Amino acid sequence: MRFSRFAFLAALAAVAALAAPTAGAQAGATTNKVVLQVSDNDPAKWNLALNNARNIQTDLGEKNVEIEIVAYGPGIGMLKLDSPVANRVGEALGKGVKVVACENTMGNQKLAKAEMLGGISYVQAGVVELMQKQQQGWAYIRP
Amino acid sequence: MRFSRFAFLAALAAVAALAAPTAGAQAGATTNKVVLQVSDNDPAKWNLALNNARNIQTDLGEKNVEIEIVAYGPGIGMLKLDSPVANRVGEALGKGVKVVACENTMGNQKLAKAEMLGGISYVQAGVVELMQKQQQGWAYIRP
Amino acid sequence: MRFSRFAFLAALAAVAALAAPTAGAQAGATTNKVVLQVSDNDPAKWNLALNNARNIQTDLGEKNVEIEIVAYGPGIGMLKLDSPVANRVGEALGKGVKVVACENTMGNQKLAKAEMLGGISYVQAGVVELMQKQQQGWAYIRP
């Protein structure tokens, strides 16, 4: 009888242990996380990406969503010191949006970090960041 | 002995209860659901999105796929009364494609619902719709 | 007593059987698989897609990632015999990138396979391929 109680509790524990990662994955899938791609040399697209980020925060509440903007390839100009949207990038950073530049692109264009906007982050390959975020359950938007 | 049978049944019930949401999530992931983004002020892109929807229905069968087209930002013109693709939007609606306009964009452009095509749906923020559909297991295509 | 041991083992087996597909789905979600969409009639975009594929292979290691490029609609020219990026498509194929043309688009443009680059693959509908790959856990990038 004691063993059968043990069997019951052990089975429940096994169920809980195996079910836990599933529950975690499902929680992850319903969390609001979105990565925005900027890969055009087009300030209108840069503004659209920033509008998208702002509208997502307004609609869901700033605390309820993680937003990351990744600029790479022809889109890298969005994050240079002379960017026409520099002020808006600063505002987005101030509201908790993560803004990421691609170091591969910077290497190709011989851009140093000193030539980029302050407060941004860096990844080796922007496209890999966009891929991996999706694989971690983030939604993907290409404005 | 009766308790051990109870243990067995209780454990199975616990397994079933915990496994059910997982099975549901997996079923969701393999269903054909796709959201198409329209965010360019470019009738060629509007036609491409409509071609994509039609080709998906032809290839998979109209009954076997859920398709939603979301127009926002510079793409909102696709769904105005004077849209050059108004007829094709009507055809898509007739074939069960859901077509959605972004009310944030309409507000920015001072567009009333009376100025939009009949039969379409509305969401507060098109970009949030695109994000949430992905988090619900829908594929995302940006033509 | 023997029955209670049976209860324990049966419950564990049930747990294992039900948990297995979940574990499989999670493993799939963390593998590096990415599908790149080419749907613009723009050689700059074709080069960007090829750069993206190369950067992903460099960053993650060629053996550690599956990459598929799908050309359809206005992007089909990337894979025609006279494509300005024909050499680079050949290099990508040589490095294990799968390159896929949309037969619906070829039909619309009256293109025969003899007019397309060697070594590429074909699907009936490029957009369905992009949708289904996402539903199989592949990340999606639209350069």
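The values are calculated or read from the model by the stated rules, or taken from the named source; none is laboratory data. Source: prediction; values computed, not measured. Don't worry about glycine lacking a Cβ; one is built from the backbone with ideal geometry, like all the others, and counts go over all protein chains shown. Each accessible area value is taken on the protein alone, full model and side chains, heavy atoms only, with ligands, DNA and RNA left out. Shrake-Rupley method; radii C 1.70, N 1.55, O 1.52, S 1.80 Å.
Being on the phi < 0 side of the Ramachandran plot, open to solvent by less than 30 Å² (accessible area, probe 1.4 Å) and not aliphatic (A, V, I, L, M) is the requirement here; does A:Tyr122 meet it? Please lay out each step first, then the result.
Working: on the phi < 0 side of the Ramachandran plot: yes; open to solvent by less than 30 Å² (accessible area, probe 1.4 Å): no; not aliphatic (A, V, I, L, M): yes.
Criteria not met by A:Tyr122.
Residues that are touching a Pro at 6+ places or on another chain (Cβ under 8 Å) and open to solvent by 10 Å² or more (accessible area, probe 1.4 Å), at least 2 per element: which helices (runs of 4 or more DSSP H) completely within region B:34-114 meet that? I'd like the intermediate steps shown before the answer.
Details: elements: B:43-60, B:86-94, B:103-108.
It comes to B:43-60.
Considering region C:122-138 alone, what residues qualify as being farther than 22 Å from C:Ala44 by Cα and not β-branched (Val, Ile, Thr)? Full working, then the answer.
Step one: list which residues in region C:122-138 are farther than 22 Å from C:Ala44 by Cα, which gives C:122-125, C:128-129, C:131-138.
Scanning region C:122-138 gives C:Tyr122, C:Gln124, C:Ala125, C:Glu129, C:Met131, C:Gln132, C:Lys133, C:Gln134, C:Gln135, C:Gln136, C:Gly137, C:Trp138.
Given (1) open to solvent by less than 30 Å² (accessible area, probe 1.4 Å); (2) free of Cβ contacts under 8 Å to residues at least 60 places away in the same chain; (3) closer than 17 Å to A:Gly73 by Cβ, where does A:Tyr140 come up short, assuming only one miss?
Failing condition for A:Tyr140: (2).
Taking only region A:125-137 into account, find how many residues are open to solvent by less than 10 Å² (accessible area, probe 1.4 Å) and closer than 19 Å to A:Thr31 by Cα. First the steps, then the outcome.
The initial filter retains those residues of region A:125-137 that are open to solvent by less than 10 Å² (accessible area, probe 1.4 Å), namely A:125-128, A:130-131.
Add one more test, that the residue is closer than 19 Å to A:Thr31 by Cα, and what stays is A:130-131.
Qualifying residue count, region A:125-137: 2.
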